[in-house]
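Comments concern the structure below.
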Amino acid sequence: MSTPQYWLMKSEPDECSIDDALAAPGHTVPWTGVRNYQARNFMRDAMRVGDGVLFYHSSCAEPGIVGFARVASAARSDPTQFDPASPYFDAASKPAAPRWLLVDVQALRKTRVLGLKEMREMPALACMRALQRGNRLSITPVTPGEWEAIEGLLER
């Protein structure tokens, strides 16, 4: 059995907020709409059921970590890529060879917002990938030390 890994996963709250995830059956939502190859590859190659997730709200008035979740399924084809009515439609993707994947994410608990300013002030997060200039990935790995620092702060 492998050691759990940790991830920061960004979602726009207008699309899927921590409250939406907590209100979903089993507190579980499909993480649709990832359209970046590196983020897709994290889901396909590195994420495992049970991995920890920092649920992050982006593109909103107060971006930041808003809760804890876990990866609840293996990667599978994202159906939005085949739906012409979806903003995530990809005409080049075919059902026999899907280009885009998703994992299910199970929300565990909501926290206060841990915003970017506060995160950047934490020495333990100085090298956190999500905080590096130019990083725009919707899914980034989190080290065990970063996870522990954030968990310790938000569980106080």
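The values are calculated or read from the model by the stated rules, or taken from the named source; none is laboratory data. In this text, all values refer to a predicted model and were calculated from it rather than measured experimentally. Every residue, glycine as well, gets a Cβ built from its backbone with ideal geometry; the counts of neighbours run over all protein chains shown. Only protein heavy atoms, including side chains, enter the accessible area calculation; ligands, DNA and RNA are left aside. Shrake-Rupley method; radii C 1.70, N 1.55, O 1.52, S 1.80 Å.
Details
- Note on segment 1-118: antiparallel DSSP beta bridges, both residues inside, total approximately 75 percent of the bridges counted.
- Whether segment 1-91 is rounded, prolate or oblate, judged on the alpha carbon gyration tensor where a/c under 1.5 counts as rounded: oblate
- Among [x] 8.6; [y] 9.9; [z] 10.8, the entry derived from the coordinates for mean projected area of the Cα convex hull in nm²: [y]
- Carbon and sulfur %, accessible surface of the chain computed with the full protein complex present, 1.4 Å: 53
- The chain: calculated mean residue ellipticity at 222 nm from DSSP helix runs of at least 4, using -39500 (n - 2.57): -4000 deg cm²/dmol
- Projected label distance in nm at N41 and R112, using a 7 Å step from Cα toward the beta-carbon: 3.9
- Å² per residue, accessible surface of the chain at 1.4 Å: 53
- Computed magnitude of the charge dipole of segment 60-105 (debye, nearest 20; Cβ of K, R +1, Cβ of D, E -1): 200
- Restriction of the GluC sites (Glu not before Pro) in segment 84-152 to DSSP coil positions whose beta-carbon has at most 15 other beta-carbons within 10 angstrom yields E121.
- Summed side-chain charge close to S73 - residues other than S73 whose Cβ falls under 13 Å, Lys, Arg +1, Asp, Glu -1: +1
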